[in-house]
Amino acid sequence: MDSFLSISNQELQVIWLTVKVALVSTVVTLPIALFISYALARKEFKGKVFVESLISIPLVAPPVVTGYILLLLFGTNGVIGKYLSDWFGLKMAFNFVALVMASTIVSLPLAIRTMKTSFELVDPNLEYASMTLGASKRSTFFRVTLPLALPGVISGLVLSFARCLGEFGATITFAGNIIGKTQTISLMIYSNMQIPGNEWRVTRLVVISVLISLIAVVVSEIYNKKKKYLKK
Amino acid sequence: MILNLDVKHSKGGHKFNYKLLLESSITGIYGASGAGKTTLLNIIAGIEQPDNGFMAINDKLVVDINSKYNIPCNKRGVAYIFQEGRLFPHLTVKENLLFSNKYLDKSKIEIKLKDVLDLLKIKPLLNKKPMELSGGEKQRVAIGRALLSQPKLLLLDEPFSNLDRSLRKQIISYLLKINATYKIPMVIVSHIIGDILRLTNNLAIIDNGRVVAQGDFFNIMANSLVPEIIKPHRYLNVIDTTYTEKSIDNSLFTLACKKCHEISFNTENNKINSLEIGTNIRLAIRPDEIALSNNKLNGVSIQNQIKGRVYKIFENENSTFCVVQCNGIELVSEITKSSLLNLNITVGAEVWCLIKSKSIEIIYDI
């Protein structure tokens with residue numbers, strides 16, 4: 001008899017896969033988001049508005065659309081995927097890579113927007129002060145800008161991580177819902193909702209999903225509270 | 001030549017055209033708000049790039065736009081003390097002070113942390129974060145941080161803003177000590193002429209993005225180059241002296257003029273009592289605190305009577321300024337027009353400058 005506490009091995013495996021995808025996506029997101037958000041916050045260049053809009057598309061477009069575009073681009077017969085498959089034997093769709101790609105693309109705008117705001121809040125005058133003290137632009141970024149923007153960067157990563165945990169539309173389109181291979185918590189909840197009698201399993205997965213997100217957000221909040229110097 | 005600069009620059013629809021030759025160890029940049037003083041410092045530091053022209057620091061070319069030569073900000077050896085200190089909020093005072101350490105050639109370090117801590121009296125602050133410091137403490141740490149980057153030139157942008165009068169005097173003292181100890185040339189921007197004059201008589205006047213006058217304050221004023229910006233009543237007599245003796249009852253102190261030991265000033269300023277004989281003291285006297293007389297006066301309470309000869313006379317609507325040469329030093333006295341006529345003071349006349357001991361302001365001691 002199924003109860004709330006009787007968690008199955010299959011569920012554990014799905015939870016682990018979901019966390020793994022979210023973690024890997026977050027790690028992939030970090031350098032990309034740092035680079036883009038810093039450039040958008042500090043540099044003026046032609047087509048900046050276009051770049052900003054393009055990056056925000058996955059945030060506003062239905063995730064299924066994002067997944068479909070990924071499929072068109074990186075599917076085995078996709079514009080890029082075809083060559084990756086023919087030349088390097090790389091399969092991008094319906095596997096772990098697809099899960100990470102879908103999650104990263106969907107969560108990237110969230111991370112970029114949060115990090116961009118935190119970089120904009122760092123007084124550029126402090127960066128100038130650093131440079132007059134002998135620091136190069138690169139050194140200034142790592143010793144002044146990044147530490148001061150760190151609470152925002154962490155928040156961006158947590159948001160990105162949480163978004164990955166809940167990713168559904170782009171994932172089901174690009175990575176599929178393959179049990180034991182690409183089924184994440186959200187996909188498992190969806191599948192089990194279709195099956196009568198699996199309410200406990202659904203509830204359990206919902207609670208676990210909420211708990212993981214909550215832990216991430218709480219850790220980020222505790223960290224940010226310690227950085228009092230950013231509060232005016 | 002400390003600084004030789006001839007640049008054209010444009011920003012936000014404004015045009016700047018600076019031509020400047022600095023030779024004095026301390027130069028004050030004076031001008032109204034928005035005149036372009038900070039932009040000039042930014043160009044010297046390398047924060048802003050000029051559109052055209054060149055710049056040399058200590059006879060070494062730093063920028064030459066024509067040949068696309070530009071030493072970046074972090075390689076210029078120009079330290080910049082900003083208006084609000086701009087300490088890094090995530091670092092402790094010690095970490096702020098040692099920020100530049102990583103970029104220095106260790107064999108060429110002349111200004112040491114210990115000496116800076118002693119000079120600026122900031123040792124007790126080492127483990128504090130900038131948010132825990134007062135305005136004066138922040139500014140002292142910012143000065144210390146700039147010094148420890150072993151600069152060839154020190155730029156100061158309104159270092160006294162947000163500081164009250166006593167803190168201003170304190171920071172001025174520290175700056176003079178630094179200049180005397182480390183011989184680092186300074187360029188200091190302020191919109192308060194009194195603060196600049198306590199540091200130097202050597203000025204560059206900026207108006208509407210241009211250097212409109214440059215040189216000694218009194219020469220600028222005498223030549224009426226910029227009468228609207230700089231007014232005679234803002235002048236300050238600044239004299240470097242040495243503390244030579246004190247009266248038996250410890251109430252009167254004698255300060256001998258460095259340029260001419262025959263001239264000395266008597267003051268009752270109690271601050272001197274704690275100093276050792278031989279201490280160097282800079283003092284300041286406002287022109288309106290110096291009265292003139294045709295003869296030496298007997299039976300008066302005035303402690304200082306210095307003989308001199310009138311060298312120049314300037315007049316404006318309310319006052320008359322007499323420049324009196326007294327054995328190597330010049331004193332500027334502000335008197336009324338009627339006094340000038342009554343005493344029959346003309347250029348070349350012998351006069352006595354009368355200064356009450358209470359009128360002598362002590363700027364610093366080292």
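Could you list, in sequence order, all residues of the range B:127-171 that are surrounded by fewer than 21 Cβ atoms within 10 Å (Cβ to Cβ), farther than 21 Å from residue A:133 by Cβ and among the hydrophobic types (A, V, I, L, M, F, W, C)?
Across the range B:127-171, the qualifying residues are B:163, B:167.
Considering the range B:292-330 alone, what residues qualify as being among the aliphatic types (A, V, I, L, M) and either assigned to a strand (DSSP E or B) or out of contact with any strand residue (DSSP E or B) (no Cβ under 9 Å at 6 or more places or on another chain) (or both)?
Our first condition is that a residue be among the aliphatic types (A, V, I, L, M); within the range B:292-330, this holds for B:292, B:297, B:300, B:302, B:306, B:310, B:313, B:323-324, B:329.
Selection gives B:292, B:306, B:310, B:313, B:323, B:324, B:329.
What's the total number of residues in the range B:256-300 that are within 19 Å of residue B:333 (Cβ to Cβ) and among the polar types (S, T, N, Q)?
Going through the range B:256-300, the residues within 19 Å of residue B:333 (Cβ to Cβ) turn out to be B:257, B:259-260, B:263-267, B:283-297, B:300.
Filter again for among the polar types (S, T, N, Q), leaving B:264, B:266-267, B:293-295.
Counting residues in the range B:256-300 that are within 19 Å of residue B:333 (Cβ to Cβ) and among the polar types (S, T, N, Q) gives 6.
Condition (residue is within 14 Å of chain B (Cβ to nearest Cβ) and more than 9 Å from the chain's Cα centre (by Cα)) applied to the range A:114-121: is it met by at least one residue? It would help to see each step written out before you state the result.
To start, the set of residues in the range A:114-121 that are within 14 Å of chain B (Cβ to nearest Cβ) comprises A:118, A:121.
Right, trim to more than 9 Å from the chain's Cα centre (by Cα) and you get A:118, A:121.
Checking the range A:114-121: at least one residue is within 14 Å of chain B (Cβ to nearest Cβ) and more than 9 Å from the chain's Cα centre (by Cα).
Just wondering, is there one or more residues in the range A:190-200 that are in contact (Cβ under 8 Å) with a residue 40 or more places away in the chain and buried (at least 19 other Cβ atoms within 10 Å of the Cβ)?
No; the residues of the range A:190-200 include none that is in contact (Cβ under 8 Å) with a residue 40 or more places away in the chain and buried (at least 19 other Cβ atoms within 10 Å of the Cβ).
Those residues that are without any contact (Cβ under 8 Å) to a residue 40 or more places away in the chain and aromatic (Phe, Trp, Tyr), I need them from the range A:91-129; list them, please.
A:128
So residue A:126 fits all but one of (1) buried (at least 18 other Cβ atoms within 10 Å of the Cβ); (2) within 25 Å of residue A:161 (Cα to Cα); (3) among the hydrophobic types (A, V, I, L, M, F, W, C); (4) at pLDDT 90 or above; what number is the exception?
With (1) buried (at least 18 other Cβ atoms within 10 Å of the Cβ); (2) within 25 Å of residue A:161 (Cα to Cα); (3) among the hydrophobic types (A, V, I, L, M, F, W, C); (4) at pLDDT 90 or above applied to residue A:126, the lone miss is (2).
Is it the case that some residue within the range A:21-40 is of a type in the set (A, V, I, L, M, F, W, C), modelled with pLDDT of 95 or more, surrounded by fewer than 16 Cβ atoms within 10 Å (Cβ to Cβ) and within 27 Å of residue A:202 (Cβ to Cβ)?
Scanning the range A:21-40 turns up at least one residue that is of a type in the set (A, V, I, L, M, F, W, C), modelled with pLDDT of 95 or more, surrounded by fewer than 16 Cβ atoms within 10 Å (Cβ to Cβ) and within 27 Å of residue A:202 (Cβ to Cβ).
Given the conditions (1) touching a residue at least 60 places away in the same chain (Cβ under 8 Å); (2) within 21 Å of the chain's Cα centre (by Cα); (3) within 22 Å of residue B:342 (Cα to Cα), which single one is not true for residue B:279?
Tallying (1) touching a residue at least 60 places away in the same chain (Cβ under 8 Å); (2) within 21 Å of the chain's Cα centre (by Cα); (3) within 22 Å of residue B:342 (Cα to Cα), residue B:279 fails exactly one: (3).
Could you tell me whether the range B:24-40 includes any residue that is touching a helix residue (DSSP H, G or I) at 6+ places or on another chain (Cβ under 6 Å) and within 13 Å of chain A (Cβ to nearest Cβ)?
Within the range B:24-40, none of the residues are touching a helix residue (DSSP H, G or I) at 6+ places or on another chain (Cβ under 6 Å) and within 13 Å of chain A (Cβ to nearest Cβ).
Just to check your reading of the model, which residue among B:121, B:68, B:106, B:114 is out of contact with any His (no Cβ under 8 Å at 6 or more places or on another chain), within 14 Å of chain A (Cβ to nearest Cβ) and exposed (fewer than 15 other Cβ atoms within 10 Å of the Cβ)? Steps first, answer last, please.
Values: B:121 fails: within 14 Å of chain A (Cβ to nearest Cβ); B:68 fails: within 14 Å of chain A (Cβ to nearest Cβ); B:114 fails: within 14 Å of chain A (Cβ to nearest Cβ).
After ruling out the rest, the residue left standing is B:106.
The values are calculated or read from the model by the stated rules, or taken from the named source; none is laboratory data. These figures come from a predicted structure and were not determined experimentally. Neighbour counts are summed over all protein chains in view; Cβ atoms, including those assigned to glycine, are modelled from backbone coordinates with ideal geometry.
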